[in-house]
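Here the structure is laid out as structure tokens; the discussion comes afterwards.
The values are calculated or read from the model by the stated rules, or taken from the named source; none is laboratory data. Just so it is clear, the model here is predicted, and its values are computed rather than measured. FYI the Cβ positions are ideal-geometry reconstructions off the backbone, even for glycines, and counts take in every protein chain you see.
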Amino acid sequence: MTELSVAALALLVGWGVLVGLDLVSVPQGLLSRPLVAATVAGWIAGDAAAGMRAGAVLELFALDVLPVGASRYPEYGPAAVGAAVLCAGLPQAGGVGVAALLGLLVALPAGWTLEWLRHANARHVHRRTAAISAGSTGAILGLQWAGLARDAVRSLVVTTAALALATALRDRLGAAAALPSLLTPVLVGTGAAAAISGAVRTAGGGRRLAWVGIGLACGLVMAVALAVAS
Amino acid sequence: MKGQARALVRLLAVQGAWSYERMIGVGMGYAAEPLLRDLDAVEPARLPEATARSAEFFNCHPYLAGLALGACARAEYEGAPGPLIVRLRTALCSPLGALGDQFFWAGLVPIVMSMALAAIALGSGGAVLAALVVAYNVVRVLVTRWALRTGLQSGMQVGTAISASWLPKAVVRVAVPAGFATGLAVPLVCAWLVAPSGARALGAGLLACAGALALLRWGGARWTSLRVGLAAAVAILLLTRVVP
């Protein structure tokens, strides 16, 4: 297990803030996808492969989420940062499951903070309605920058919480911990169900649904062929 | 029209002040400000009301917001009546939301992420992931630029321009590869993460998958994928305490 330096922790916090901002505010460029967020976080923590493994499980869950309009959804980005840091400090057997569980536990309340942000922005807009109606450019710019700053603070809080939990668990469990071996397959299986469920729901029916099935069949054949070959 | 480059950059943060009050309206006003600045020289009396209109309630897919932004900015310069511009914005909300959500959130994003998952599961490492993220962002910026330019060129005729563009056809075409890519990636990721742990782990994974699928299909809206995941984790942790 690589010990996390202060510089690495500072980088991880910065990355988590960027990831949190990316989900809704700026730039919405896939940085907040758990696979991306966790891989980079794992790399900063000294084990990119561990980050990839934790991120892949959370990505399966995230494939079920359509972040449309005012819908409520979990926030997997900063949660994946914490999960990657935890996974990098645990043994590979069982470590992915424990890290993914931490990611799920953080993603749920992180999603609630998005609602808080939207309400806080709405209250601010409400207070500045008269100025906006009068065509004040300053009021619009102020609202925009305040919204971005609020989201940055929100992301900072969520990332810090995720990292605090991850480092506390790393210290408590350690690299030689005996972890529940079935947690990883159960969470991978549940994540697979989430991804399939999302794909089926999006496909609707007919030819599109058939292609989900064809993809599954091809993936299954490839997985079996690879297992046999190895 | 001046300020297009600044408006394009600001469009990347169009959801920066997302609120239940105006949704992305404030972000639209923020992105419109560089475009509307010259209105002061053309028709000074119109600038305050145009600025106010630009920040009114609006919602659509963020990547396609430039279509509405450009169209409304041009309409302001052409002196279109205010209520007509408000009606244009309102009319664009749903189609731009639906087209963008289907093309990006339900199409391109699952394709890119599933390809990345499959590549990583097959042992490619992070290089493919990085390449896919960069490629996606190039597409994202090009689409944002196209949207702004198309809006500015077509003004009140933006609806016709959208219908004649690549977008409606692409929305239809992206659904099949999205479903296929997700389907392909799932077994590969499962095999990569679970198969090395042996038959018992594989069995537990399959059982969890079947149970979760049943809950997600018939369990009602309360059973979101995250809650199912947490419930499964709690169940297996309790079970392994009873039967180690």
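Observations on the model:
- Residues in segment A:68-100 that are at the interface with another protein chain (Cβ under 10 Å from one of its Cβ atoms) and β-branched (Val, Ile, Thr): A:Val68, A:Val96, A:Val98.
- Tally of residues being buried (at least 20 other Cβ atoms within 10 Å of the Cβ) and either within 18 Å of A:Val98 (Cβ to Cβ) or of a type in the set (Val, Ile, Thr) (or both) across segment A:48-77: 14
- Among the conditions (1) free of Cβ contacts under 8 Å to residues at least 24 places away in the same chain; (2) farther than 28 Å from B:Leu230 by Cα, A:Ala120 misses just one, which is (1).
- Pick from segment B:183-202, criterion in a helix (DSSP H, G or I) and more than 8 Å from chain A (Cβ to nearest Cβ), ranking: farthest from B:Leu96 (Cα to Cα): B:Ala199
- Matching residues in segment B:233-244 - criterion: being part of a helix (DSSP H, G or I) and loosely packed, with under 14 Cβ neighbours inside 10 Å: B:Val234, B:Ala235, B:Leu238, B:Arg241, B:Val242
- Total residues in segment B:210-232 satisfying the condition of being assigned to a helix (DSSP H, G or I) and surrounded by fewer than 24 Cβ atoms within 10 Å (Cβ to Cβ): the figure is 11.
- The lone exception for A:Ala177 - which of (1) small (Gly, Ala, Ser); (2) surrounded by fewer than 17 Cβ atoms within 10 Å (Cβ to Cβ); (3) within 7 Å of chain B (Cβ to nearest Cβ) it fails: (3)
- For first residues located in segment B:184-198 and within 14 Å of A:Val186 (Cβ to Cβ), partners that are part of a helix (DSSP H, G or I) and lie 6+ apart or on another chain with Cβ distances below 6 Å form the pairs B:Cys190/A:Val188; B:Cys190/A:Ala192; B:Leu193/A:Val188; B:Val194/A:Pro185; B:Val194/A:Val188; B:Val194/B:Ala201; B:Val194/B:Leu202; B:Val194/B:Gly205.
- Within segment A:42-67, considering residues that are in a loop (DSSP other than H, G, I, E, B) and either within 8 Å of chain B (Cβ to nearest Cβ) or closer than 12 Å to A:Leu86 by Cβ (or both), the one modelled with the lowest pLDDT: A:Pro67
- Test: residue in segment B:11-18 that is touching a Ser or Thr at 6+ places or on another chain (Cβ under 7 Å), farther than 19 Å from B:Ile162 by Cα and more than 7 Å from every other protein chain (Cβ to nearest Cβ): no
- Candidate set: segment A:180-208, residues that are more than 7 Å from chain B (Cβ to nearest Cβ) and under 17 Å from A:Leu63 (Cβ atoms); chosen: the one modelled with the lowest pLDDT: A:Gly204
- Search result, residues across segment A:183-211 that are in contact with a Gly (Cβ under 6 Å, 6 or more places away or on another chain) and buried (at least 23 other Cβ atoms within 10 Å of the Cβ): A:Leu183, A:Thr184, A:Pro185, A:Leu187, A:Val188, A:Gly189, A:Thr190, A:Ala199, A:Ala203
- Output for segment A:182-210, where each listed residue is among the small types (Gly, Ala, Ser) and closer than 29 Å to B:Ala201 by Cβ: A:Gly189, A:Gly191, A:Ala192, A:Ala193, A:Ala194, A:Ala195, A:Ser197, A:Gly198, A:Ala199
- Each residue in segment B:198-209 was checked for being buried (at least 21 other Cβ atoms within 10 Å of the Cβ) and out of contact with any Leu (no Cβ under 6 Å at 6 or more places or on another chain), and 4 pass.
- Test: residue in segment B:174-182 that is farther than 24 Å from A:Thr202 by Cα, at the interface with chain A (Cβ under 9 Å from one of its Cβ atoms), of a type outside the set (Asp, Glu) and part of a helix (DSSP H, G or I): no
- Criterion applied to A:Trp145, A:Trp112 was being aromatic (Phe, Trp, Tyr), under 23 Å from A:Val13 (Cβ atoms) and within 15 Å of the chain's Cα centre (by Cα), and the one residue passing it is A:Trp112.
- If you go through segment B:80-93 and pick out every residue that is under 16 Å from B:Gly151 (Cα atoms) and either crowded, with 21+ Cβ neighbours inside 10 Å or free of Cβ contacts under 8 Å to residues at least 40 places away in the same chain (or both), you end up with 7.
- Residue count for segment B:44-58, restricted to those that are buried (at least 21 other Cβ atoms within 10 Å of the Cβ) and either more than 7 Å from chain A (Cβ to nearest Cβ) or not in a helix (DSSP H, G or I) (or both): 5.
- Restricting attention to segment A:119-144, the residues that are surrounded by fewer than 19 Cβ atoms within 10 Å (Cβ to Cβ) and either at the interface with chain B (Cβ under 7 Å from one of its Cβ atoms) or of a type in the set (A, V, I, L, M) (or both) add up to 9.
- The listed residue being over 19 Å from the mean Cα position of the chain (by Cα), touching a residue at least 40 places away in the same chain (Cβ under 8 Å) and at negative phi, out of A:Thr184, A:Thr202: A:Thr202
- Output for segment B:111-141, where each listed residue is over 30 Å from B:Ala65 (Cα atoms), more than 7 Å from chain A (Cβ to nearest Cβ) and buried (at least 19 other Cβ atoms within 10 Å of the Cβ): B:Ala118, B:Ala119, B:Ala121
- Residue within segment A:153-162 that is more than 10 Å from chain B (Cβ to nearest Cβ), surrounded by fewer than 18 Cβ atoms within 10 Å (Cβ to Cβ) and within 30 Å of B:Arg53 (Cβ to Cβ) present: no
- Inter-residue pairs, beta-carbon under 7 Å, first within 13 Å of chain B (Cβ to nearest Cβ) and surrounded by fewer than 21 Cβ atoms within 10 Å (Cβ to Cβ) and in segment A:6-29, second of a type in the set (S, T, N, Q) and in a helix (DSSP H, G or I), 6+ apart: A:Gly29/B:Asn137
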